[in-house]
Amino acid sequence: MNNTSLHDMRRLEDLARLDTFVHRRHPVVKLLTTLAFLGVVVSFGRYEIGPLLPLVFYPVVVLSAAEIPAVPLLKRVLWAAPLILGVGVLNPLLEHGQVLVGGLALSRGWLTFLSLSLKSLLTVTAALLLIATTGMENVAAALRSLGVPRLFVLQLLLTYRYISVLGEEVERTLKAYALRAPGQHGVQRAAWGSMVGQLLLRTVDRAERVYQAMCLRGFAGEYHGGAGARISATDLAYGLSWGLFFAIARVYDIPALLGALTLGGWM
Amino acid sequence: MSHHLVEAIDVYYAYPDGHHALQGISFRISHGESVAVVGANGAGKSTLLMLLLGLMFPARGEVRVGDALVTRKTLPLVRKAMGMVLQDPDDQLFMPTVFDDVAFGPRNAGLDEREVARHAESALQAVGISHLRGRAPFKLSGGEKRAASIATVLSMLPDILVMDEPTAGLDPRARRMVKDLLRGFSHTKIIASHDLELVWELCERTLVLTQGTVAADGPTRQVLGDAALMERCGLEVPYGLRACPQCGFTPATGRPTANA
């Protein structure tokens, strides 16, 4: 990991400090909106790809209204891609048979793979957008105010922090390795074991020092976020508008309706 | 409670690997004193600071802050009285913005958000970095990070400031800035450092540790000027206290030495 990738990791925190209409919305409202979105996306059946498509509208609108640059966000979405591909790649092999979509015969396996990929893309993007427009600390505070147990929230927050601690240590270790192994591409397999062991020990050490710094400043297991501003009418309107849209997208097959309307108009 | 008193009485500490870091340390620091803790690497400086703040507990002996014996039960009291600035500011700054980091302590103390903001702003002003309040800590320069670390402690209004190598890794200008900052504080200060020029300028009393014991405890001028003691403890007399071999002039005292 080089400096750029470490910088990339912290980009979400930078983006969370922007001041846009979306950033100003209450964290609890944004969290509930995101959860509703995730719920609606995963509620669609494995062969329902068409009705999913209007939901792309949500990340696109938030991305644009929050002035979040698309490229760094999509890069992060790609980090999750190997996992999605790993899980979904077997579908075309294991699931046989065909389904008719708009008169076209498609393999069931490929259709479920496509559906899984689209759902993953939407859910990962929505989660990243939540962090990029709210900040992890505010998301944690919102979770606490919704009654999520303290330990769970703390675990989430510290794991998020540990990623950057790990990133910094990886960066230093790789730099030290590269300086003593000129001409080598990557790290030799023989060094993997000791390097991972060293990384673990160093990050545990570093995490312990950070924890000590927290304890020295009165941390006793409860994370206290910033000001708990009240939910305004605009916040409510924001949440309810999206809620209404998600409900419509879930109940009606919007692309099919639009298609019927268009064809009806032509006929 | 007299928060300003710090006392170690015959303190011993050994790490789990068997290394005896402290072997019978005793001292007493009174209100308003600026005390330096110096010693070669491995002399026990950082271990001592951690014991003072209850990050570890002595195997034998006791540490007192004010009237309180440092134990698990008294930790909130001890840490309210004493604030510690860690050696590496990156360990101390873990929140997304400088303001959130400085507000972390007051928020944990249960203050309402208006009070939190007042404490944080006042600490930021004290170290002259109010303009950095919205910045991400990892984007600051070394000197700014150090100032922010000090602010995170000041916002908790401690009576005693404990610092581990406050000028480590800083360029000359940032080092000067930190020194000026520390000079302006009226707190009781305990500073562990290899920077003997800083010790000379800021601390009227110096404790010299060697192999986990106190080799000397006295006025800084006397302790740092003792070349034999410094040599024995793996240290060196600061340049400012050495006489010029040509003219015999000693910069720190502004006088020619007697034997020049």
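For every residue, the table says whether it meets (1) out of contact with any helix residue (DSSP H, G or I) (no Cβ under 8 Å at 6 or more places or on another chain); (2) crowded, with 22+ Cβ neighbours inside 10 Å; (3) of a type in the set (Gly, Ala, Ser).
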| residue | (1), (2), (3) |
| --- | --- |
| B:Lys139 | yes, no, no |
| B:Thr167 | no, yes, no |
| B:Ala192 | no, yes, yes |
| B:Glu231 | yes, no, no |
*Within region A:187-221, work out how many residues are of a type in the set (D, E, K, R), in contact (Cβ under 8 Å) with a residue 24 or more places away in the chain and more than 8 Å from every other protein chain (Cβ to nearest Cβ).*
1
*Could you say which residue among A:Leu166, A:Leu129 is within 14 Å of chain B (Cβ to nearest Cβ), part of a helix (DSSP H, G or I) and farther than 17 Å from A:Gly45 by Cα?*
A:Leu166
*Here is a list of conditions, (1) surrounded by 12 or more Cβ atoms within 10 Å (Cβ to Cβ); (2) within 29 Å of the chain's Cα centre (by Cα), and A:Tyr177 meets all of them except one; can you say which number that is?*
(2)
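Residues checked against (1) farther than 23 Å from A:Ala80 by Cα; (2) part of a helix (DSSP H, G or I); (3) open to solvent by less than 70 Å² (accessible area, probe 1.4 Å); (4) of a type outside the set (Phe, Trp, Tyr):
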residue	(1), (2), (3), (4)
A:Leu116	no, yes, yes, yes
A:Leu121	no, yes, no, yes
A:Thr125	no, yes, yes, yes
A:Thr133	no, yes, yes, yes
A:Phe152	no, yes, no, no
A:Tyr160	no, yes, yes, no
A:Gly183	yes, no, no, yes
A:Val196	no, yes, no, yes
A:Leu200	no, yes, no, yes
*State all residues of region B:53-103 that are open to solvent by 10 Å² or more (accessible area, probe 1.4 Å) and in a helix (DSSP H, G or I); if no residue qualifies, say none.*
B:Leu75, B:Pro76, B:Leu77, B:Arg79, B:Lys80, B:Pro89, B:Asp90, B:Phe99, B:Asp100
_I need a count of the residues in region B:93-110 that are under 21 Å from A:Gly167 (Cα atoms), within 8 Å of another protein chain (Cβ to nearest Cβ) and modelled with pLDDT of 90 or more._
0
*Run down B:Arg176, B:Arg114, B:Arg107, B:Arg146 and say which single residue is free of Cβ contacts under 8 Å to residues at least 12 places away in the same chain and buried (at least 21 other Cβ atoms within 10 Å of the Cβ).*
B:Arg107
*Across region B:76-87, what is the number of residues that are more than 19 Å from A:Gly221 (Cα to Cα) and either facing chain A (nearest Cβ under 7 Å) or among the basic types (Lys, Arg) (or both)?*
2
_region B:117-128, subset open to solvent by less than 40 Å² (accessible area, probe 1.4 Å) and more than 11 Å from B:Asp101 (Cβ to Cβ), residue nearest to the other protein chains (Cβ to nearest Cβ)_ = B:Ala117
*Evaluate region B:35-45: report whether one residue or more is part of a helix (DSSP H, G or I), in contact (Cβ under 8 Å) with a residue 60 or more places away in the chain and open to solvent by less than 30 Å² (accessible area, probe 1.4 Å).*
yes
*Given the structure, is B:Arg60 within 11 Å of chain A (Cβ to nearest Cβ) and over 17 Å from B:Leu209 (Cα atoms)?*
no
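Residue by residue, here is whether (1) closer than 22 Å to A:Gly243 by Cβ; (2) part of a helix (DSSP H, G or I); (3) in contact (Cβ under 8 Å) with a residue 40 or more places away in the chain; (4) open to solvent by 70 Å² or more (accessible area, probe 1.4 Å) holds:
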residue	(1), (2), (3), (4)
A:Val42	yes, yes, yes, yes
A:Leu52	yes, yes, yes, no
A:Glu67	no, no, yes, yes
A:Leu73	no, yes, yes, no
*asked:* Here are the criteria: (1) touching a residue at least 40 places away in the same chain (Cβ under 8 Å); (2) within 14 Å of another protein chain (Cβ to nearest Cβ). Tell me which single one B:Tyr15 does not satisfy.
replied: (1)
_Of the conditions (1) surrounded by fewer than 17 Cβ atoms within 10 Å (Cβ to Cβ); (2) closer than 23 Å to A:Thr134 by Cα; (3) at pLDDT below 85, A:Gly226 satisfies every one except a single condition; which number is it?_
(1)
_Breaking point among (1) in contact with a His (Cβ under 8 Å, 6 or more places away or on another chain); (2) more than 9 Å from chain A (Cβ to nearest Cβ); (3) of a type in the set (A, V, I, L, M); (4) more than 29 Å from B:Arg232 (Cα to Cα), for B:Ala147_ = (1)
*Has region B:178-189 got at least one residue that is at pLDDT 90 or above, in contact with a Cys (Cβ under 9 Å, 6 or more places away or on another chain) and more than 25 Å from A:Ala229 (Cβ to Cβ)?*
yes
*Within region A:212-238, how many residues turn out to be in a helix (DSSP H, G or I) and more than 26 Å from the chain's Cα centre (by Cα)?*
6
*Is it the case that some residue within region A:106-115 is under 20 Å from A:Phe246 (Cα atoms) and away from every other protein chain (no Cβ under 14 Å)?*
yes
*Would you call B:Leu161 within 16 Å of the chain's Cα centre (by Cα), assigned to a helix (DSSP H, G or I) and buried (at least 21 other Cβ atoms within 10 Å of the Cβ)?*
no
*Have a look at B:Leu154, B:Leu198 and point out the one that is more than 14 Å from every other protein chain (Cβ to nearest Cβ) and either under 19 Å from B:Leu48 (Cβ atoms) or touching a helix residue (DSSP H, G or I) at 6+ places or on another chain (Cβ under 9 Å) (or both).*
B:Leu198
*Look at A:Val87 and say whether it is touching a residue at least 40 places away in the same chain (Cβ under 8 Å), open to solvent by 50 Å² or more (accessible area, probe 1.4 Å) and in a helix (DSSP H, G or I).*
no
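The values are calculated or read from the model by the stated rules, or taken from the named source; none is laboratory data. Just so it is clear, the model here is predicted, and its values are computed rather than measured. Positions of Cβ are generated from backbone atoms using ideal geometry, with glycine treated the same way; all protein chains shown enter the neighbour counts. Keep in mind that these areas ignore ligands, DNA and RNA; they rest on the heavy atoms of the full protein, side chains included. Shrake-Rupley method; radii C 1.70, N 1.55, O 1.52, S 1.80 Å.
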